[in-house]
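Read the structure below first, then the notes.
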Amino acid sequence: MEQGGFDLDFPEPSIYYKVLRKHHVKIHPRRGVKILGLWYHHPVLDEPRFQQPSARGGKHAGQWVVRSDRRDRRQVFFQEPADHETWHILRWRGLPLEGEIPAFSDKTADALLAQVKANNIRIHSESELLEHLLGILGSVTPVDQWPSQAKKKAGKKQRVAQAREIARAQAAAADRPATAAPAPEPAPAEMPAAWAEHARTIDRAVDADRRRRREEALAGTRPVAPETLREALNRRPMFRLPPPDDPETDTTFRQEDA
């Protein structure tokens with residue numbers, strides 16, 4: 001690095017939010033913002049300063065910027081205008097208590113809205129979408145077909161689809177910088193106990209199935225970590241010439257070889 005003149009520049013933790021896709025929206029009083037068909041809210045949006053159009057000009061004049069992660073549609077992110085290093089997490093209004101439903105991506109959200117539209121379902125609140133969402137998440141693989149519930153095995157395609165949803169959410173959570181817990185939302189309507197248990201069962205089933213596949217893949221084998229660059233150089237330095245009497249590395253031209 002010193003010879004090449006490279007300057008190491010470690011990005012700030014907030015770079016995660018800045019690379020997410022933008023949505024230019026209007027803030028609706030007591031309801032929040034609508035992002036790709038779903039409504040999101042945080043108490044900070046009810047403050048008087050956000051009830052007026054933003055100072056933004058140009059093509060999106062008067063609109064506010066909200067960012068979303070395609071891998072996890074349970075929340076979106078809003079930058080604090082007074083402090084650009086502070087980001088507010090806006091939760092989907094249909095969510096019950098934190099952590100009670102599996103994560104869902106853009107693909108699942110689009111399927112949810114398409115199902116509601118195709119069946120002419122009238123939705124009076126975001127919480128009513130939750131039942132349809134859990135139906136879609138559960139239909140990927142019925143609960144009674146998961147290894148943790150019975151001896152049957154779900155189809156590979158179905159298991160991969162469910163595991164992919166969980167992996168995307170875990171990757172998105174790992175990318176986000178550690179922040180303080182978001183301000184508490186007004187108590188939402190409680191999700192029926194049967195649906196809550198259904199959602200927790202899906203999470204446990206996915207974890208159990210992924211653990212089983214890892215154990216099967218490593219059965220009878222012991223993974224060996226490759227040696228580090230330092231160990232390789234110490235064993236045989238890169239710039240040291242081999243001894244001339246080494247038959248494997250002696251490259252001296254000999255007459256009899258000609």
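The values are calculated or read from the model by the stated rules, or taken from the named source; none is laboratory data. Here the structure is a predicted model, which is why all the values come from computation and not from measurement. No Cβ is skipped: glycine too gets one built from the backbone with ideal geometry, and neighbour counts run over all protein chains shown.
Overview of values
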item	result
Single residue of the stretch 24-42 satisfying the filter (surrounded by fewer than 14 Cβ atoms within 10 Å (Cβ to Cβ) and farther than 22 Å from Leu130 by Cα) that is nearest to the chain's Cα centre (by Cα)	Lys26
Residue tally, condition free of Cβ contacts under 8 Å to residues at least 60 places away in the same chain, part of a strand (DSSP E or B) and farther than 18 Å from Arg168 by Cα, over the stretch 44-94	5
Ser105 vs. criteria modelled with pLDDT of 90 or more and on the phi < 0 side of the Ramachandran plot	no
Matching residues, the stretch 61-94, being farther than 14 Å from Ile35 by Cβ, surrounded by fewer than 19 Cβ atoms within 10 Å (Cβ to Cβ) and not polar (S, T, N, Q)	Ala61, Gly62, Glu80, Pro81, Ala82, Asp83, His84, Glu85
Gln149 modelled with pLDDT of 80 or more and of a type in the set (S, T, N, Q)	no
Residue tally, condition under 28 Å from the mean Cα position of the chain (by Cα) and of a type in the set (S, T, N, Q), over the stretch 43-101	5
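Rundown of residues vs (1) more than 27 Å from Asp110 (Cβ to Cβ); (2) in the same structural domain as Ser125 (by TED's automatic domain parsing); (3) touching a His at 6+ places or on another chain (Cβ under 7 Å), yes/no style:
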| position | (1), (2), (3) |
| --- | --- |
| Phe6 | yes, no, no |
| Lys34 | no, no, no |
| Leu38 | no, no, no |
| Glu47 | yes, no, no |
| Gln52 | yes, no, no |
| Gly62 | yes, no, no |
| Val66 | no, no, yes |
| Asp72 | no, no, no |
